[in-house]
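Engineer: This is the structure I want to talk about, given as structure tokens.
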Amino acid sequence: MSRIATQRILARPVLREAAAAVSLAVLAWPAFAQEAAPKAEKSQLETVTITAERRVENIKDVPNAVSTISGEKLDVLNSSGQDIRFLSGRVPSLNIESSFGRAFPRFYIRGYGNTDFRLNASQPVSLIYDDVVQENPILKGFPAFDLRAVEVAAGPQGSLYGRNTPAGVVKFESVKPSQKLEGYVNVSYGRFGTINAEGAANLPLTGDWAARISAQVQHRGDWVDNTSAGPTGKTEGYDDRAVRAQVLFQPHRQFSALFNVHNRELEGSPRLFRGDIIKKGTNDLVDGFDPEKMSINGRNEQKLHATGANARLQWSFNDVVLHSITAIETVQPFSRGDVDGSTNANLTIPYQSETSDALHGHRQVSQEFRAEYNPAGPLRYQAGLFFFDEKYEIESVNYDTADNGAYLNSARSHQKNRAYAVFGSVNYDMTQDFKLRGGLRLTRDSKALYTESADQALDTTYGLAGNTKDTKWTWDLAGTYALTKDTNVYARVATGFRASAMLPASAFAPMSRTNPEDTTSVEAGVKSDLWDRRARVSATVFRYETKNLQLTEVGGAAGNSNSVKTARKVIGEGVEFNLELLPVDNLFLTMGGSYNKATIRDKSLAVSGCGTEADFVTPLCTVLNPASASGGYLIDGNQLPQAPKVVYNLTARYSIPTAGGNEFYIYTDWAYRSKVNFFLYESKEFTGKALTEGGLRGGYIWANGKYEAALFVRNITNQIRVTGAIDFNNRTGFINDPRTYGVQFKAIF
């Protein structure tokens with residue numbers, strides 16, 4: 001990117017003010033660390049190492065905004081049995097939501113994501129689980145258990161992780177096998193009959209072998225009663241089971257082979273759509289709303305089977321390390337739901353909608369070869385090749401709710417996706433204090449999609465089949481300067497792209513497609529350890545520009561469908577910070593926050609508004625955008641959907657040591673996000689209110705940390721908010737979990 005373009009990106013009021021604040025912090029922190037640092041204490045923050053850039057590094061030395069969650073914090077957040085959405089808002093700029101249930105999470109980083117609910121949806125946030133990309137959105141919901149850490153790298157990661165990473169990467173890393181006999185069991189029981197059981201056993205085997213078996217079982221009873229007669233009496237329960245077996249073979253220090261097999265079995269409820277729960281003219285819940293009641297006449301059921309395996313091989317030759325990662329993933333979901341979320345007993349909606357979606361024959365295969373060169377001198381590099389191949393069939397079925405849910409019609413869409421890439425990155429120490437790194441990647445991505453139906457009248461305006469082919473370069477360049485041994489400042493410029501998208505034709509909408517997105521991001525930040533490592537602080541200011549933005553128009557006047565449109569560009573800018581602090585012995589605080597402005601810039605782009613009442617005339621909602629002369633509503637200047645401007649989180653842990661090395665403790669955690677738009681247009685009704693969720697936990701640890709017992713509460717204030725909606729035939733919404741509480745016991749052996 002040219003110097004003039006970089007100056008133009010920085011020349012924005014929000015960014016200028018944030019840059020000034022970060023610059024002031026950069027100047028002040030070294031002096032603050034030197035002048036205010038107390039005498040060294042026994043209590044210090046542990047060094048955090050991450051692998052976001054494909055090698056183990058101190059988080060302070062990585063010129064990128066990376067946040068981590070690990071250890072006790074992961075245990076606390078996951079204690080109530082929630083799915084992967086428990087991570088939402090727990091690091092700066094991260095939002096996660098879903099209209100599918102415990103599968104198909106949709107990730108947003110710095111306001112940038114995709115609201116598409118189709119099973120072939122692509123997302124600009126990539127999820128990497130044990131070094132393997134989880135491309136299909138259903139794969140992204142694999143449970144989080146027995147993890148070393150979760151890392152969130154914000155901004156384009158195209159050089160090392162490839163396509164579909166322009167917003168960032170969420171990276172899960174399992175605890176690996178070792179030659180030590182150990183393990184743990186962690187069990188909780190709570191409200192709604194919720195059981196969350198997790199455990200792992202690390203087993204040294206004969207000779208050069210070791211194994212680690214990990215498992216998680218999550219159960220909740222059906223807790224929402226149907227006030228109407230229908231095939232679904234109660235719902236919102238689940239049985240979610242996952243297991244992972246890892247085997248390590250390491251005959252000597254020069255070679256290791258790590259094999260991983262994992263499985264998930266889910267049976268439960270899809271996301272419960274609650275009809276007409278939003279009061280017209282406001283975004284309030286209707287009077288008398290009860291989270292434990294519903295009124296539907298359709299079936300709600302969901303099943304999922306997922307199995308995968310991978311082999312990670314590593315050879316070490318002095319300064320050179322070779323890696324091979326071979327993986328296969330398969331997933332077969334089925335989900336059926338009452339989409340209108342009502343009974344239509346009084347004919348208050350235009351029509352009823354009951355549908356199901358399933359994946360058949362899904363298979364994802366990937367292969368990566370990578371070489372690292374790590375000599376003692378100033379130059380280090382890594383380079384590699386990547387191959388990806390995926391295919392599946394989507395079956396979408398409509399049912400006649402009025403005829404006891406009888407089969408009505410269906411359509412099948414077939415998609416194949418293949419990608420190749422060659423990539424490399426270089427680190428060079430210009431001086432002891434100033435270090436540069438850069439990366440480059442060439443990606444070739446192709447897709448083929450076609451749709452067929454024997455009994456459904458598909459919209460054939462743009463045909464039923466299509467192909468895309470993209471060839472893209474992505475790159476990044478970053479520099480780090482050590483102001484002191486404890487404080488680094490950095491700057492980074494990076495590019496990324498999301499491959500071309502296609503959505504299949506349906507009865508409501510024709511096939512749609514877009515060209516690839518291109519993102520350029522600039523960020524600068526500071527990372528520092530203070531007070532003899534009793535505090536750790538990082539702050540980032542950023543701005544990105546995404547051209548040819550792929551926007552998903554969901555539902556509305558077009559009915560129960562979605563189509564993909566292209567906006568000229570989106571401008572995102574903001575600030576992020578993380579703080580860890582040991583102000584006094586036995587008190588540990590963490591805090592993180594972000595401000596994200598992600599604005600659509602396209603003066604001619606118009607989208608449909610919401611649907612109508614049963615008279616097919618009266619709009620369901622109050623649209624706030626100006627009407628377009630050609631139909632629909634102009635959305636120039638709108639914040640991206642599901643993109644809260646403000647996100648912050650806070651945790652505090654206070655321990656009371658007792659004789660014999662035992663301790664009592666109290667732990668609280670809070671997360672806040674500001675209001676969000678549910679759709680591309682803005683309206684009074686379909687704007688989600690700000691959400692604050694807090695947790696409280698008290699416990700006792702004894703026998704030198706071997707045992708722990710605790711009481712916990714999640715969503716302690718019982719704040720209920722509409723977190724997503726359906727707008728095509730009533731004001732349907734879905735909500736966050738109500739207050740839950742329970743007891744937990746953990747044993748380490």
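The values are calculated or read from the model by the stated rules, or taken from the named source; none is laboratory data. The shown structure was predicted, so the numbers you read here are calculated from the model rather than taken from an experiment. So basically every Cβ, Gly included, is an ideal-geometry build from the backbone, and we count neighbours across all protein chains shown.
Conditions (1) closer than 30 Å to Thr687 by Cβ; (2) basic (Lys, Arg); (3) exposed (fewer than 15 other Cβ atoms within 10 Å of the Cβ), marked per residue:
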residue	(1), (2), (3)
Pro204	no, no, no
Ser256	no, no, no
Leu285	yes, no, no
Arg312	no, yes, no
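Engineer: Considering only region 174-217, state which residues are without any contact (Cβ under 8 Å) to a residue 60 or more places away in the chain, assigned to a strand (DSSP E or B) and among the small types (Gly, Ala, Ser).
Structural biologist: Correct list: Ala197, Gly199, Ala200, Ala201, Ala210, Ala211.
Engineer: Of the residues Ser425, Ser413, which single one is of a type in the set (Ser, Thr, Tyr), touching a Ser or Thr at 6+ places or on another chain (Cβ under 7 Å) and either under 27 Å from Ala478 (Cα atoms) or modelled with pLDDT under 95 (or both)?
Structural biologist: Criteria check complete, one pass: Ser425.
Engineer: Then there is this: Could you check region 332-376 and list, in sequence order, the residues that are outside any strand (DSSP E or B), closer than 30 Å to Asp276 by Cα and not aliphatic (A, V, I, L, M)?
Structural biologist: Of everything in region 332-376, those that are outside any strand (DSSP E or B), closer than 30 Å to Asp276 by Cα and not aliphatic (A, V, I, L, M) turn out to be Asp340, Gly341, Ser342, Thr343, Asn344, Asn346, Thr348, Pro350, Tyr351, Gln352, Ser353.
Engineer: In region 455-498, which residues are more than 30 Å from Ile59 (Cβ to Cβ) and either among the basic types (Lys, Arg) or not in a strand (DSSP E or B) (or both)? Show your work before the answer.
Structural biologist: Narrowing region 455-498 to residues more than 30 Å from Ile59 (Cβ to Cβ): 455-471.
Of everything in region 455-498, those that are more than 30 Å from Ile59 (Cβ to Cβ) and either among the basic types (Lys, Arg) or not in a strand (DSSP E or B) (or both) turn out to be Asp455, Gln456, Ala457, Leu458, Asp459, Thr460, Thr461, Tyr462, Gly463, Leu464, Lys469.
Engineer: Select, from Gly694, Gly688, Gly733, the only residue that is more than 30 Å from Asp602 (Cβ to Cβ), in contact (Cβ under 8 Å) with a residue 12 or more places away in the chain and out of contact with any Asp or Glu (no Cβ under 6 Å at 6 or more places or on another chain). Before you say what the answer is, go through the steps one by one.
Structural biologist: Values: Gly688 fails: more than 30 Å from Asp602 (Cβ to Cβ); Gly733 fails: more than 30 Å from Asp602 (Cβ to Cβ).
Result of the check over Gly694, Gly688, Gly733: Gly694.
Engineer: Here's another thing I want to ask about it. Take region 67-115 and flag every residue that is of a type in the set (Val, Ile, Thr) and outside any helix (DSSP H, G or I). Quick ask: steps written out before the conclusion?
Structural biologist: Taking region 67-115 first, the residues of a type in the set (Val, Ile, Thr) are 68-69, 76, 84, 91, 96, 109, 115.
If the condition is that a residue be of a type in the set (Val, Ile, Thr) and outside any helix (DSSP H, G or I), then Thr68, Ile69, Val91, Ile96, Ile109, Thr115 are the ones that fit.
Engineer: For region 477-517, name all the residues that are surrounded by fewer than 19 Cβ atoms within 10 Å (Cβ to Cβ) and not small (Gly, Ala, Ser). Even if it seems obvious, please write down each step before you answer.
Structural biologist: Taking region 477-517 and keeping what is surrounded by fewer than 19 Cβ atoms within 10 Å (Cβ to Cβ), we get 477, 479, 481-485, 491, 507-508, 510, 513, 515.
If the condition is that a residue be surrounded by fewer than 19 Cβ atoms within 10 Å (Cβ to Cβ) and not small (Gly, Ala, Ser), then Leu477, Tyr481, Leu483, Thr484, Lys485, Phe508, Pro510, Arg513, Asn515 are the ones that fit.
Engineer: Is it the case that Leu385 is free of Cβ contacts under 8 Å to residues at least 24 places away in the same chain and part of a strand (DSSP E or B)? Show your work before the answer.
Structural biologist: Numbers: free of Cβ contacts under 8 Å to residues at least 24 places away in the same chain: no; part of a strand (DSSP E or B): yes.
Answer is no for this residue.
Engineer: Within region 576-588, track down each residue that is more than 14 Å from Ser67 (Cβ to Cβ), touching a Ser or Thr at 6+ places or on another chain (Cβ under 7 Å) and in a strand (DSSP E or B). If you could, list the steps in order and put the result at the bottom.
Structural biologist: Residues of region 576-588 that are more than 14 Å from Ser67 (Cβ to Cβ), as a first pass: 581-588.
Still in the list and also touching a Ser or Thr at 6+ places or on another chain (Cβ under 7 Å): 582, 585-586.
Leu582 - this is the single residue of region 576-588 that is more than 14 Å from Ser67 (Cβ to Cβ), touching a Ser or Thr at 6+ places or on another chain (Cβ under 7 Å) and in a strand (DSSP E or B).
Engineer: Got a sec? Which of Thr307, Thr330, Thr326, Thr235 is of a type in the set (S, T, N, Q) and either surrounded by 21 or more Cβ atoms within 10 Å (Cβ to Cβ) or in contact with a Phe, Trp or Tyr (Cβ under 8 Å, 6 or more places away or on another chain) (or both)?
Structural biologist: Numbers: Thr307 fails: either surrounded by 21 or more Cβ atoms within 10 Å (Cβ to Cβ) or in contact with a Phe, Trp or Tyr (Cβ under 8 Å, 6 or more places away or on another chain) (or both); Thr330 fails: either surrounded by 21 or more Cβ atoms within 10 Å (Cβ to Cβ) or in contact with a Phe, Trp or Tyr (Cβ under 8 Å, 6 or more places away or on another chain) (or both); Thr326 fails: either surrounded by 21 or more Cβ atoms within 10 Å (Cβ to Cβ) or in contact with a Phe, Trp or Tyr (Cβ under 8 Å, 6 or more places away or on another chain) (or both).
Matching residue, one of Thr307, Thr330, Thr326, Thr235: Thr235.
Engineer: Being part of a strand (DSSP E or B) and in contact with a helix residue (DSSP H, G or I) (Cβ under 7 Å, 6 or more places away or on another chain) is the filter; apply it to region 499-524 and report the residue that is farthest from Ala652 (Cα to Cα).
Structural biologist: So in region 499-524, the residues part of a strand (DSSP E or B) come out as 501-503, 512-514, 517-524.
Among the residues that remain, those that are also in contact with a helix residue (DSSP H, G or I) (Cβ under 7 Å, 6 or more places away or on another chain) are: 522, 524.
Working: Val522: 33, Ala524: 28 Å.
Looking at the filtered set, the residue picked out is Val522.
Engineer: Continuing with this model, one more query. Tell me yes or no: at least one residue of region 709-730 is touching a residue at least 60 places away in the same chain (Cβ under 8 Å), under 30 Å from Gly611 (Cβ atoms), surrounded by fewer than 21 Cβ atoms within 10 Å (Cβ to Cβ) and aliphatic (A, V, I, L, M).
Structural biologist: Yes, there is a match, as at least one residue in region 709-730 is touching a residue at least 60 places away in the same chain (Cβ under 8 Å), under 30 Å from Gly611 (Cβ atoms), surrounded by fewer than 21 Cβ atoms within 10 Å (Cβ to Cβ) and aliphatic (A, V, I, L, M).
Engineer: Mind listing whichever residues of region 39-66 are in a strand (DSSP E or B) and either of a type in the set (Asp, Glu) or farther than 16 Å from Ala535 by Cβ (or both)?
Structural biologist: Within region 39-66, the first condition is being in a strand (DSSP E or B), and the residues that meet it are 49-50, 57-58, 66.
The answer is Thr49, Ile50, Glu57, Val66.
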